[in-house]
Amino acid sequence: MGWMFLRDLLSGVNKHSTRIGRIWLAVVFVFRLLVYMVAAEHVWKDEQKEFECNIRQPGCENVCFDYFFPISQVRLWALQLIMVSTPSLLVVLHVAYHEGREKKHRKKLYVSPGTMDGGLWYTYLISLIVKISFEIGFLVLFNKLYDGFSVPYLMKCDLKPCPNTVDCFMSKPTEKTIFILFMVITSCLCIVLNFTEVSFLVLKCLMKCSLQKFYKTQVLSV
């Protein structure tokens, strides 16, 4: 997977982010992307081969594995990383568009999110809301698909072609549960950071509008 593209994408947003946004980027890089690349992929390697049931009925293990794990947990984690990072592409595209305008008009249009023009402010805010939606959506999906955030030691399966109820075992369930809980915690941390950043941007905008309105009132009264 081209994780370097994702890294470059997020790096391009860094200089246009608030301080809270830079903390979010650090969490995504260090505690999510690097953990996934360095450790998580190896823990889930050959997971179907390591899934065993106490019967040798042809097709039984495959059917049971597909039932308990309709989507690989680590691949769903990877998809979540991609989806929560993709909204940053909106900001990158918006910045690229304005940089083209700056070269054309030879004028600096904005310096940071605190002094950006209305268009970039809305784009940045929308990207945060989309990130929050993806984060929450994937947590709910994960919980629904796997009935919680843990990997059980024992799973009972009675699907055809299994002749009766069989016991199935997943390799390294404790280690996988730890990684899943780590993923959930970092995801929740990112949601909190995104909510905080949205609140910061909205509050700052409201304060700025209120001050401008106050100054206008003062000028008119004079």
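Bear in mind that the values in this text are calculations on the coordinates, not laboratory data. Since the model is a prediction, treat every value here as computed from it, not as a measurement. No Cβ is skipped: glycine too gets one built from the backbone with ideal geometry, and neighbour counts run over all protein chains shown.
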message: Take S133 and N54, extend 7 Å from each Cα along the Cα→Cβ direction, and tell me the distance between the two endpoints in nm.
response: 4.8 nm
- request: Once you have all Cα-Cα distances for the range 26-87, histogram them in 10 Å bins from zero and send the whole-percent values.
  value: 19, 41, 24, 13, 3
